[in-house]
Amino acid sequence: MSNSLEMNKIFAAILTAGVTFGMAGLVGRLVVHPTMPHHSVLQIGEAAPAQAAAAPAAPALEPITPLLAAANVQAGQQLAQRQCASCHSFNEGGRSGVGPNLYAIVGAKHAHIEGFNYSAAIRAMASKPWGYEELNAWIANPRAYAPGNKMTYAGMASVQNRADLIAYLRSISPNAPAP
């Protein structure tokens, strides 16, 4: 007999929960007045509207090479320690962390450190060297430079800070080409 009573309790709990959720939905619709869309938002196989295709162009990035002559290497080192050192190391032979070691990065090829798990976006650029303008574009906005990369850094807006940081990276790159 107690087994039958337990089954009745379970059934009553399920029934009570269903009635409660149904009433909550009814009261919610009366209070909020939702409107249902008249057509599907997702359109498969159709061309996108013309206005969506005309996305605003990103502002052109100011060239960094002319600013490197007056850049402050010490300020760049401080920026690197403050903003980059949590993921990168900067010493010769230093180990990679979340990001690769950046010693001798200027002039090196993209994805040049053996064994580091680069994103497919960076591996696709493996034959391209890290020049000054490439570093400028990367530091300004990593997502725009290599869409799909793994770096979570949002970018550095200040062109002078980017110049200082790149000057520091050049100072720790013995084979860096002249700007």
(request) Arrange the peptides 110-117, 140-147 so that the one whose residues have, on average, the most other Cβ atoms within 10 Å appears first. (result) 140-147, 110-117
(request) Assuming R0 = 30 Å, can you tell me the calculated FRET efficiency for the pair residue 98 and residue 123, based on Cβ-Cβ distance, to the nearest 0.05? (result) 0.95
(request) For residue 30 paired with residue 60, estimate the spin-label separation in nm (one decimal), with each label point 7 Å from Cα along the Cα-to-Cβ line. (result) 6.4 nm
(request) Step through the residues of region 160-166 one at a time and calculate ³J(HN,Hα) from phi using the Karplus curve (6.51 cos²θ - 1.76 cosθ + 1.60, θ = phi - 60°), rounding each to whole Hz and writing x for Gly and Pro. (result) 5, 5, 5, 4, 4, 5, 5
(request) Work from the charge dipole of region 100-179 (Cβ charges, +1 for Lys and Arg, -1 for Asp and Glu, about the Cα centre) and give the residue of 113, 158, 147 farthest towards its positive end. (result) 147
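Every number in this text was worked out from the coordinates using simple rules, so none of it is lab data. These numbers were taken from a predicted model, which means no experiment stands behind them. Counting neighbours? That spans all protein chains shown, and the Cβs are built from the backbone with ideal geometry, glycine included.
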